[in-house]
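Reviewing the structure listed below.
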Amino acid sequence: MTKEPIQLSDHFTYNRLLRFTGPSITMMLFLSIYSVIDGLMVSNFVGTVSFAALNLIWPYVAIIGSLGFMLGTGGSALVAKIMGEGDIKRARGIFSFLVYSTFAISIIGLLVGLIFVRPMSVFLGAEGEMIEECVTYATILLYLLPTYMFQVFFQSFLVTAEKPKWGMWITISAGVTNAVLDYVFIALFDWGLAGAAWASGIGMIVASMIPLIYFIGVRHKDERPKLYLCKPYIDMKALWKVCSNGVSEFAMNISISIVSMIYMYQLIRWSGENGVSAYGILMYYAFIFTSLFIGYSMGIAPVISYHYGAKNHDELKNLFTKSLRLIICTSVVVVILAQIFAEELAGVFIGYDAKLEELTTHALRVYMLFLLVAGINTFSSALFTALNNGPISCLIALSRTVIFEAGSVMILPLFFGMEGVWWSVVVGETIAACLAITLVISYKNKYHYL
């Protein structure tokens with residue numbers, strides 16, 4: 001028996017919540033796993049220098065690409081709100097305008113990124129061979145930046161279009177493509193770090209072109225979809241609203257990358273390439289675990305936006321309460337798993353190096369404690385984005401990383417050495433959670449989610 005399709009306007013039980021957000025969670029989970037495969041292949045088939053170069057320069061590419069997150073999350077929140085208000089024609093026009101805007105912005109990002117890639121590699125601490133590896137990897141990905149930005153842009157809008165399963169299957173297809181080509185280009189063709197970049201880039205092409213074709217062609221289907229690409233409704237105020245709305249996701253991605261750069265700087269000082277490699281492994285696993293929270297928040301955000309636009313306060317309260325319970329339970333489970341399997345997780349990457357494996361195992365057990373509060377921070381930021389309150393969402397995202405985490409990683413090592421580096425994210429996320437909870441309580445009467 002075919003299950004009834006879930007719409008944004010529905011009342012959500014736990015079952016419906018998990019069914020609707022499940023594809024987004026799965027999508028982010030697979031995306032994170034494929035990122036791990038990239039690192040795993042480079043670490044085992046290319047070497048420590050290339051693995052360290054990949055982890056050193058990736059934040060630079062991610063900062064530029066995060067413009068796609070900003071336009072996608074901010075745009076889907078606005079479009080879903082307009083849909084909730086009943087103006088479907090305007091929602092389609094704004095969506096189409098954002099597609100063209102994303103392409104234009106990606107071209108600018110590509111050109112700027114290429115200009116500064118080598119100076120940034122040097123600035124981050126790369127030397128000799130590592131500089132060339134950084135430049136090679138980043139240059140390939142920057143040439144394919146439009147596909148990366150469209151990939152993350154369409155991830156949000158497929159949920160708003162009530163097609164979350166499409167996003168999931170597209171991401172899985174792109175990830176399988178990436179993983180297979182990783183093996184072909186790195187293990188068989190011996191292309192080194194360039195092979196990893198091309199494998200990722202081709203995966204991005206798959207993930208961006210399929211939804212683009214869908215949104216172009218779906219208007220001719222009999223199902224009369226709510227969203228498709230049509231004549232753009234040029235509205236610069238709406239674009240500004242989208243940017244201010246999605247600035248928290250943009251700021252979060254930038255700040256995460258900046259904090260990663262600060263970590264790299266500290267680790268090179270305290271532990272050299274081994275520290276950078278260990279941190280790279282931590283980030284891969286952190287991405288896997290936090291993808292559960294990111295995927296859920298991405299999946300639920302358009303639903304919150306829709307009911308906010310429809311002024312359905314009872315459903316907002318229902319969505320908020322159930323979401324908080326699910327996130328807290330998940331947080332406890334993933335921390336327990338990380339503690340139990342830390343040694344095995346470290347061994348997957350560097351089982352060939354006993355000293356590095358021991359360092360990474362200890363770091364994993366400490367670092368992963370941040371997951372106890374990471375879900376609350378992620379959901380709180382996404383909640384305010386969905387409610388079209390970009391400034392508060394941005395405050396949570398920026399303070400979480402740029403102020404609290406960056407401050408911790410600069411200060412704690414002065415007193416506790418390398419141990420301070422590993423505890424920095426735990427301290428930073430905990431302080432950020434206190435701020436997020438305070439803001440959520442402060443705005444409950446305005447938005448009626450409590």
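Worth pointing out:
- Mean Cβ neighbour count within 10 Å, used as a protection proxy, ranking 337-347, 231-241, 147-157 highest first: 147-157, 337-347, 231-241
- Segments 395-408, 431-444, 85-98 sorted - mean Cβ within 10 Å per residue, highest first: 395-408, 85-98, 431-444
- Relative contact order of the chain, defined on C-alpha pairs under 8 angstrom at six or more residues apart (%): 24 percent
- Using θ = phi - 60° in the Karplus curve 6.51 cos²θ - 1.76 cosθ + 1.60, the 3J(HN,Hα) couplings for the stretch 195-200 round to x, 5, 5, 5, 4, 5 Hz; x is entered for Gly and Pro.
- Excluding same-chain neighbours fewer than eight residues apart, the lysines reachable from K444 by a Cα-Cα span under 17 Å are K311, K317, K322.
- Cα long-axis angle, helix 145-160 against the chain (0 to 90 degrees, to the nearest 10): 40 degrees
- I33 versus D235: modelled label distance in nm, points set 7 Å from Cα along the beta carbon direction: 4.0 nm
- For the stretch 147-190 versus the stretch 130-144, the gap between their alpha-carbon centres in whole angstrom: 20 Å
- GNM top mover of P119, P59, P391 - the chain, alpha-carbon springs below 10 Å: P119
- Distance in nm between pseudo-label sites at E344 and M410 (7 Å out along the Cβ direction from Cα): 4.0 nm
- Across the chain, Cα-Cα pairs farther apart than 34 Å form 29% of the total.
- Pair-distance profile P(r), taking every C-alpha pair of the stretch 106-167, with 10 angstrom steps and integer %: 22, 35, 24, 15, 4
- Förster-model FRET efficiency, 41 Å R0, I328 and A354, C-beta, rounded to 0.05: 0.65
- MRE, 222 nm, helices only [DSSP H, n ≥ 4, -39500 (n - 2.57), over the chain, to nearest 500]: -28500 deg cm²/dmol
- Heavy atoms of W166 accessible to a 1.4 Å probe, total area in Å² rounded to 10: 110 Å²
- 5 Å-binned pair-distance histogram of the stretch 38-166 (Cα, whole percent): 2, 11, 18, 16, 14, 12, 10, 8, 5, 3, 1, 0
- Sites R118 and D314 - FRET efficiency at Förster radius 51 Å, r taken between beta-carbons, to 0.05: 0.35
- Separation between Cα centres of the stretch 10-73 and the stretch 308-357, rounded to whole Å: 14 Å
- Restricted to Cα atoms, the stretch 320-450 shows a radius of gyration and a Dmax of 17.0, 56 angstrom.
- Kirkwood-Stokes translational diffusion coefficient of the stretch 111-207, alpha-carbon pairs, 25 °C, 0.890 mPa s, µm²/s: 168 µm²/s
- If you plug the beta carbon distance of K446 and Y100 into 1/(1 + (r/R0)^6) with R0 = 45 Å, you get a FRET efficiency near 0.85.
- Helix 236-270 axis, angle to the chain major axis (alpha carbon atoms, nearest 10°): 20 degrees
The values are calculated or read from the model by the stated rules, or taken from the named source; none is laboratory data. This one's a predicted model, so the numbers in the text were calculated from it and none came from an experiment. Cβ atoms come from the backbone with ideal geometry, glycine included; neighbour counts cover every protein chain shown. Side chains are part of the model used for accessible areas, which takes the heavy atoms of the whole protein and leaves out ligands, DNA and RNA. Shrake-Rupley method; radii C 1.70, N 1.55, O 1.52, S 1.80 Å.
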